[in-house]
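Trainee: Sending over a structure as structure tokens; questions will come in a sec.
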Amino acid sequence: MKFKMYLFAILTASILMSCGDNNEKKDDNAITIGGKKETKKKDANSVTIGLTGNDLMKFDKNEIKVKAGQKVTLNFRHVGKMDKLVMGHNFVLLKQGTDITEFAIKASEAGQDEDWIPEGGANVIVHTEMIGGGQSTSITFDAPEAGTYDFICSFPGHAALMKGKFIVE
């Protein structure tokens, strides 16, 4: 009799355990409205990009690709710990043909009061504010016409290491 009780308990436990995780994939693009399941449409006209900078003066990406005319939201985060007065970072998208070295020299001359952006941003398409360790910022802009653009950090001395290509297709 005890054997039958143990067997019954094991079978019941097995059945209950098999009713759990059915490995059904969750559709992250589905939302329920009024009992109806509808699919969210992805907007091909917009893109969100994450970018980080660290205390070793490095971006986590050296290439970013977008489509011409897309609305780009760039979320920029400083994953280091140093203050922005010591190890500040920003994202600066330069106009085509801008010499990075020359721009970097002018940026250091522009100084902190100008957020390290020279000549009122004459050679800049868009830039974020300067941030320090643990901080983040975001900027939304329309991607320029097709081509390859340079992006840098304009904090003094950073452009030599913190740079990449912004490719617009």
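Trainee: Which residue, chosen from Gln135, Gly88, Gly50, occupies the Cα position most advanced towards the positive end of the dipole of the stretch 47-168, where the dipole is computed from +1 (Lys, Arg) and -1 (Asp, Glu) charges on Cβ about the Cα centre?
Mentor: Farthest towards the positive pole: Gly50.
Trainee: Under a no-solvent Debye model with one identical scatterer per Cα of the stretch 47-168, what's log10 I(q)/I(0) at q = 0.13, 0.21, 0.22 Å⁻¹?
Mentor: At q = 0.13, 0.21, 0.22 Å⁻¹ the computed log10 ratios are -0.44, -1.21, -1.32.
Trainee: Among the listed pairs Lys65/Lys163; Lys84/Lys106; Lys84/Lys165; Lys71/Lys106; Lys71/Lys165; Lys65/Lys106, which are separated by more than 21 Å between their Cα atoms?
Mentor: Listed pairs above 21 Å: Lys84/Lys165; Lys71/Lys106; Lys65/Lys106.
Bear in mind that the values in this text are calculations on the coordinates, not laboratory data. All of these numbers come straight from a predicted model, not from anything done at the bench. In this analysis, Cβ positions are derived from the backbone assuming ideal geometry, glycine residues included, and neighbour counts consider all displayed protein chains.
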